[in-house]
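Following: one structure in structure tokens, then a few remarks.
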Amino acid sequence: MREMKLKPFIIAFVVVLVLLVGGSFTYQYVAQEKPMQEKLDKLVYSNILLPVEKQDGSYHLTMEVVKDCKLQEAMEELKQAVQEYDLTEENYDVQLLNKSSELQDVWQGQLFAIAEIMANQQYSELPELMQTIEKEHPDVQADASMDEKYVYITLLKDGQRFDKLLPLDGGKMEVWQDAQ
């Protein structure tokens, strides 16, 4: 019997391994990530910064709400878009892009009141707080709405906007500026 050479088997194994791994990554990108990014690029109520980052199996989306749209509408549209790709809320997180330092200062001035409302689940006090913000800052429009999962807060002034998304489930509140 002839002596079998090991070198061709090792080369064949490496080639097959490279093709499998490369094919898997290519398929994931071509079949899921690229179409999803194209879909996110066509959203009406928001702009998603592309490319979308994926880390530890979770997508990290940075969203900027379009000027005259509501945060709640933008989040609902995003949720519907990612559901088409079998993503649940556990598979992605949303960071809101806020560029207005002036409106961030207005928000900072209300942190205690917002944290107290959220911690005590006194959501009926939110419209009153929004009116207080508008009285203290006459050029600022303040809006709060909610659904079964989130409280949506938007501050507007001279074409600038500041949005916050606060979870009702007692999860990590994005009240503070550097919250993830």
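The values are calculated or read from the model by the stated rules, or taken from the named source; none is laboratory data. Everything numeric here is computed off the predicted structure, so don't read it as measured data. Cβ placement follows ideal geometry from the backbone for every residue including glycine, while neighbour counts extend to all protein chains displayed.
Scanning segment 78-94 for residues that are loosely packed, with under 15 Cβ neighbours inside 10 Å and not in a loop (DSSP other than H, G, I, E, B) gives GLN80, GLN83, ASP93. Hey, any hits in segment 59-68 for a residue that's touching a strand residue (DSSP E or B) at 6+ places or on another chain (Cβ under 6 Å), modelled with pLDDT of 85 or more, closer than 24 Å to ALA142 by Cβ and among the acidic types (Asp, Glu)? Looking for residues that are touching a strand residue (DSSP E or B) at 6+ places or on another chain (Cβ under 6 Å), modelled with pLDDT of 85 or more, closer than 24 Å to ALA142 by Cβ and among the acidic types (Asp, Glu), one finds at least one in segment 59-68, hence yes. Of the residues in segment 131-140, at least one is outside any helix (DSSP H, G or I), in contact with a strand residue (DSSP E or B) (Cβ under 6 Å, 6 or more places away or on another chain), at pLDDT 90 or above and outside the structural domain of PRO51 (by TED's automatic domain parsing).
Looking only at residues that are part of a loop (DSSP other than H, G, I, E, B) and free of Cβ contacts under 8 Å to residues at least 40 places away in the same chain in segment 99-115, which one is surrounded by the fewest Cβ atoms within 10 Å (Cβ to Cβ)? Among residues in segment 99-115 that are part of a loop (DSSP other than H, G, I, E, B) and free of Cβ contacts under 8 Å to residues at least 40 places away in the same chain, the one surrounded by the fewest Cβ atoms within 10 Å (Cβ to Cβ) is GLY109. Restricting attention to segment 139-149 and to residues that are surrounded by fewer than 18 Cβ atoms within 10 Å (Cβ to Cβ) and under 17 Å from ARG161 (Cβ atoms), the residue that is farthest from the chain's Cα centre (by Cα) turns out to be ASP139. Among the residues examined, LEU19 qualifies as out of contact with any Leu (no Cβ under 6 Å at 6 or more places or on another chain), farther than 30 Å from ASP139 by Cβ and at pLDDT below 90. Whenever a residue of segment 127-139 is more than 16 Å from ASP158 (Cα to Cα), its partners that are surrounded by 17 or more Cβ atoms within 10 Å (Cβ to Cβ), lying with C-beta atoms within less than 6 angstrom and at least six residues away or across chains, give the pairs MET130/ALA142; MET130/ALA144. How many of the residues in segment 95-133 are farther than 15 Å from ARG161 by Cβ and acidic (Asp, Glu)? Qualifying residue count for the region: 3. Assess whether ASP163 counts as being closer than 26 Å to ASN47 by Cβ and touching a Leu at 6+ places or on another chain (Cβ under 7 Å). Considered against the rule, which asks whether it is closer than 26 Å to ASN47 by Cβ and touching a Leu at 6+ places or on another chain (Cβ under 7 Å), ASP163 comes out as yes. What is the number of the single condition among (1) closer than 29 Å to PRO51 by Cα; (2) over 12 Å from the mean Cα position of the chain (by Cα); (3) without any contact (Cβ under 8 Å) to a residue 40 or more places away in the chain; (4) surrounded by fewer than 12 Cβ atoms within 10 Å (Cβ to Cβ) that CYS69 does not meet? Among (1) closer than 29 Å to PRO51 by Cα; (2) over 12 Å from the mean Cα position of the chain (by Cα); (3) without any contact (Cβ under 8 Å) to a residue 40 or more places away in the chain; (4) surrounded by fewer than 12 Cβ atoms within 10 Å (Cβ to Cβ), CYS69 violates only (4).
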